[in-house]
1. Quote the charge dipole size of region 418-532 about the Cα centre in Debye, to the nearest 20; the model charges only the Cβ of Lys and Arg (+1) and of Asp and Glu (-1).
2. If the chain between residue 535 and residue 341 were fully stretched, how many nm would it gain, using 0.36 nm times the residue separation less the Cα-Cα distance?
3. What distance in nm separates the two pseudo spin-label positions at residue 68 and residue 160, each 7 Å out from Cα along the beta-carbon direction?
4. When a/c reaches 1.5 or more, the comparison of a/b and b/c decides; with that in mind, is region 198-335 rounded, prolate or oblate per its Cα gyration tensor?
5. Could you give the dipole magnitude of region 274-346 about its Cα centre, charging the beta-carbon of Lys and Arg +1 and that of Asp and Glu -1, in debye to the nearest 20?
6. Return one number: the angle in degrees, 0 to 90 and rounded to the nearest 10, between the long axis of the Cα atoms of helix 131-142 and the longest principal axis of the Cα atoms of the chain.
7. In whole Hz, with x marking every Gly and Pro, tabulate ³J(HN,Hα) for region 222-236 from phi via Karplus 6.51 cos²θ - 1.76 cosθ + 1.60, θ = phi - 60°.
8. What FRET efficiency, computed as 1/(1 + (r/R0)^6) with R0 = 35 Å and r the Cβ-Cβ distance, is obtained for residue 388 and residue 20, rounded to the nearest 0.05?
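The values are calculated or read from the model by the stated rules, or taken from the named source; none is laboratory data. Predicted model, so just to flag it, every value in this text is computed and none were measured. So basically every Cβ, Gly included, is an ideal-geometry build from the backbone, and we count neighbours across all protein chains shown. Accessible surface areas use protein heavy atoms only, side chains included; no ligands, DNA or RNA. Shrake-Rupley method; radii C 1.70, N 1.55, O 1.52, S 1.80 Å.
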Amino acid sequence: MPEGKKDKVLRSATARKGIAGAPARGLMRAVGMKDGDFEKPLIAIANSFNTIVPGHINMDKLTAEVRKGIESAGGVPFEFGVPGICDGIAMGLDGMRYSLPSREIVADGVEAMLESHVADGWVGVTNCDKITPGMLMACGRVDIPAVMLTAGPMMPGEYKGRRLDVISIFEAIGELRAGRITQEEFEQVECRACPGPGSCAGLFTANTMACMTEALGLSVPGCATTHADSKEKLAQARKSGELAVQLALDGRRPRGIVTADSFENAIRVDNAIGGSTNTCLHLPAIAREFGVDLELEAFDRLSRETKHIVALRPGGNHFMIDLDRAGGIPAVLSVLAPRLKKARTVTGKDITEIAKESCVKDSDVVRDLDHAYHEEGGIAVLTGNLAEEGCVIKQSAVVQSMRRFEGPARVFDTEKAATDAMLAGKVKPGDAVVIRYQGPKGAPGMPEMLGPTSVIAGLGLSESVALITDGRFSGGTRGLSIGHVSPEAYEGGTLAAVRDKDIIRVDLDAREIEVLISQKEAKSRLRERKVPKRDAPGYLARYRAMVGSASRGAVLGNVDTKDD
């Protein structure tokens, strides 16, 4: 054990001392532990490595470096697996209903492993849409020393001088159907868009959540944007392992680091970079585990006072590699410094110190406040008779001409029906496409609507067609794409009353969304509605029974959080 820390009482040593601890010690000797190891910090590594998700295929190498860091700092590592779903692979399939619910599986699984084996601390080796939020939820729930290591973005692909990402493939489907590209060009985009390991190359949900992890102070500076295939990522992995041991020896726990001010800072960063609307689900769920009450209103309030200074794909032309070269999240913090609140980080430095020590290396990628892309942040929260509890949109990815919209509804109860109609040319400029019964309970599982939004873009309709759903959107979505409509249709929200040709009005500046029918007519239609029957096998049935509204993070009910 490091000098000066020998009198530190570790919970793992306490649980395994004396005669009563002999069975546990005996079993742990079978995995290689020796006499002296039982007095060292026992540090878990939650590793979501698998060979199907591109964002995870490098995690075996990262975990090896984390282990080295733990051992060199005087700790004893043990590793366990965590499931990970690739939204891009599951997109549009029935299995996409498992994506958001898997967030709770990750959180529960990590909790079970940490508590049952009495770990003194842990490192979460994570990436992608639900895995990182799930690990962050476990971080607050278990509240033992922790460091998050996000495994890094993917490099962009390239074809004919154009940089590509996975959204390029989705949009190419519509482009091919519209005759805007050839079959050969379509195949080249598919083959070239995803060149190697890492989370998808734009600012979609996976990379947005990595940025939120860093902004919350739970990963080392620069971690969110350091790419998966870089030597720097390996160095961050070793440093994360070393840091986890130090945090365990010092007794510095996540709830002593992350506060309400930390979440406000993260939301401010989210708005400044134009991140995914999925943060409106994940940050409230994470905050709950930290004992912080985070309302949906906070996203809109902070958006109104935070300028949009980074424009990455899909709302801009830059990629994560550009943000990394411009200084990453520390560079963003340096611009936002006057508005940041003091908040601790796992490194021991305050977030405001990191901001002060950092600088912008490319002022086109990370702009100063006088040259912002937009005067407001990336996220807007709308309310009205169509969404009494609220709905969300990435307003930074909406063209000016669509900020006020009014058009006839085209109503669908499934994503496939909507996509088929679009590809058949049945959706016209000016239409408001409604896809309902896709919420947390209705689907169940609140699947993403990346397929329809990408088809809209590929058909050249993203500047003339609105899409409104009680489901959610990939961070790769652009255009007037409004999600998380609450209450959802399955729960009797007004969305269930909308019929074809009803006029829907949206005003982003006023933060309003409404269907132009009377309250009396809406109530009459809701009484007559027939909820589509949708199978919910196994875990999905339990999820449907317990999940709450998207406006409050789609968290499961009957979950108590610890008092500080």
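1. Values: 16 positive and 15 negative charges, 79 e Å.
Its charge dipole is roughly 380 debye.
2. Working: separation 194, 0.36 × 194 = 69.84 nm, distance 4.64 nm.
Result for the pair: 65.2 nm of gain on full extension.
3. 4.4
4. Details: a/c = 1.97, a/b = 1.06, b/c = 1.86.
It comes out oblate by the Cα gyration axes.
5. Values: 10 positive and 8 negative charges, 58 e Å.
Dipole of region 274-346, to the nearest 20 debye: 280 debye.
6. 50
7. Listing the rounded values in order: x, 4, 4, 10, 5, 6, 4, 9, 9, 5, 4, 5, 5, 5, 5 Hz.
8. Working: r = 56 Å, r/R0 = 1.61.
For residue 388 and residue 20, the calculated efficiency is 0.05.
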